[in-house]
1. Once you compute Rg and the Kirkwood Rh from C-alpha atoms, what is the Rg to Rh ratio for the stretch B:1-99?
2. Pairs of alpha-carbon atoms within less than 8 angstrom and 6+ residues apart define the contacts here; what relative contact order does chain B have, in percent?
3. Quick one: length gained pulling B:THR112 to B:GLN17 fully straight, 0.36 nm per residue minus the C-alpha distance?
4. Give me a comma-separated list of calculated 3J(HN,Hα) values for the stretch B:85-95, in order, Karplus coefficients 6.51, -1.76, 1.60 applied at θ = phi - 60°, integers in Hz, x for any Gly or Pro.
5. With just the Cα atoms defining each centre, how far is the stretch A:82-101 from the stretch B:44-112? Give it in Å.
6. In 5 Å bins starting at zero, report the fraction of Cα pairs in chain A per bin as a rounded %.
7. Using the Karplus curve 6.51 cos²θ - 1.76 cosθ + 1.60 with θ = phi - 60°, work out ³J(HN,Hα) for each residue of the stretch B:65-73 in order, rounded to whole Hz, and write x for Gly and Pro.
8. Apply 1/(1 + (r/R0)^6) to the Cβ-Cβ distance of A:SER40 and B:ALA82, taking R0 = 25 Å, and write down the FRET efficiency to the nearest 0.05.
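Every number here is computed from the coordinates shown, using simple stated rules; none is lab data. Note that the coordinates shown come from a computational prediction; the quantities given were computed from them, not determined experimentally. Backbone-built Cβ (ideal geometry, glycine too); neighbour counts: all protein chains shown.
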Amino acid sequence: GESVGLHLPTLSVQEGDNSIINCAYSNSASDYFIWYKQESGKGPQFIIDIRSNMDKRQGQRVTVLLNKTVKHLSLQIAATQPGDSAVYFCAERDDKIIFGKGTRLHILP
Amino acid sequence: NAGVTQTPKFQVLKTGQSMTLQCAQDMNHNSMYWYRQDPGMGLRLIYYSASEGTTDKGEVPNGYNVSRLNKREFSLRLESAAPSQTSVYFCASSETPSARQYFGPGTRLTVT
């Protein structure tokens, strides 16, 4: 069946550097993708989304890139801050939303 | 708006006890969901309700029942709790079944 996965379970980044979190998806029919952030002890929160007719979308300090050729999604966080420390999930939609397992982003001082 | 609220925040049960987790949303969303999240694993869908009056099984429905009480409320019931049901439970809602989901703060359940 279709699956959404992440390349790395944990990513450590120096404060101030840019973070790149990757996600692979297998369902070529997926038309919508979402990134969520989950801080410790809280529920997932929406960060940014992108539709399959786009390859890039920018938000405040975050950018999502979509490469449909290789079925790859990435989340870039600029100037990573301590408050960015969290687990990040990607999700894809075909007829329903499917969540990946998450990548933990750890900020080094 | 409070968004999605869940009660209780924490609960400890003994094996065999029953309990109901409550969820409410004030965004007038049609669809609601219950997930469980275990360490090192992603969100796994237990049950969902695409619209008021309907409920469907998700990936891991065994041992659970749900009730879509009205458009706002969707409860999850454990009839006879088991240690394997120790987990963090999240409720979510969305405008439609394929729209992005908004999550509650979670209920941390421990079954001893």
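1. Looking at the stretch B:1-99, the ratio lands at 0.95.
2. Normalised by residue count, the contact order of chain B is 36 percent.
3. Taking 0.36 nm per residue and subtracting the Cα distance, the gain is 33.2 nm.
4. Residue by residue, the stretch B:85-95 yields 8, 4, 5, 9, 10, 10, 9, 9, 9, 8, 4 Hz.
5. 18 Å
6. 2, 13, 25, 26, 19, 9, 4, 1, 0
7. Result, ordered by residue: 9, 10, 9, 8, 5, 6, 5, 7, 10 Hz.
8. 0.45
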